[in-house]
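Asks: Pasting in a structure now, in structure tokens, and then I'll have a few things to ask.
Where a number appears in this text, it was derived from the coordinates with a stated rule and is not lab data. None of these values were measured; they are calculated from a predicted model. Cβ coordinates were reconstructed from backbone atoms using ideal geometry, including for glycine residues, and neighbour counts include every protein chain displayed.
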Ligand code: ATP
């Protein structure tokens, strides 16, 4: 079994899509090991997105991810990392597979509803950022 960090980003929460995302996770057979609504401070957001700190969109990305409440979850199950990324679809919603969360709900790359860790090292790093004393 494997763990991944999932976020329903502020756009997803504002649009009332928490339930849809959680339903897809459960329907797939993945388990929720932690689940919390919170608003990120800039420091936490910058740590989470550190790999993008030199990208031109970094400032906008930090503004966006701190703009309102998000849902942070630890999702667990066999192949949880890849399984959730398949549910999410490609980063750019207009390139995401038909039926995925991003294809069904989003149009633009920044406001793409969800985050899911992209590998075992990122999952471990990100879970520690969001749930430091629980895993
Ligand atoms: P996430 O890490 O949120 O799951 P990802 O791994 O699919 O997304 P990354 O390339 O790590 O995509 O980008 C992180 C986030 O930064 C994206 O989800 C998106 O919100 C934003 N982003 C990525 N590329 C761009 C871009 N060119 N312009 C604006 N925002 C972007």
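Asks: Once every DSSP H run of n ≥ 4 in the chain is given -39500 (n - 2.57) and the sum is divided by its residues, what mean residue ellipticity at 222 nm do you get, rounded to the nearest 500 deg cm²/dmol?
Replies: -11000 deg cm²/dmol
Asks: With a 10 Å Cβ neighbour count serving as the proxy for reagent exposure, in which order, fewest first, do 101, 22, 127 appear?
Replies: In order of increasing Cβ crowding within 10 Å: 22, 127, 101.
Asks: Please rank 98, 44, fewest neighbouring Cβ atoms within 10 Å first, as an exposure proxy.
Replies: Ranking 98, 44 by Cβ neighbours within 10 Å, fewest first, gives 98, 44.
Asks: Could you work out the relative contact order of segment 2-130, using alpha carbon pairs under 8 angstrom and six or more residues apart, expressed as a whole percent?
Replies: Value for segment 2-130: 38 percent.
Asks: Based solely on C-alpha atoms, express the radius of gyration and the Dmax of the chain in angstrom.
Replies: For the chain, the Cα-based Rg and Dmax read 13.6, 37 Å.
Asks: With 10 angstrom as the radius, rank 30, 35 by how many other C-beta atoms surround their C-beta, starting from the fewest.
Replies: Final ranking by Cβ density, sparse to dense: 35, 30.
Asks: Roughly how large, in nm² to one decimal, is the mean projection of the convex hull of the alpha-carbon atoms in segment 1-62?
Replies: Directional mean of the projected Cα hull area for segment 1-62 stands at 5.4 nm².
Asks: Now, a different point. Running a GNM on the chain with Cα contacts under 10 Å, which residue among 28, 82, 55 ends up with the highest mean-square fluctuation?
Replies: 55
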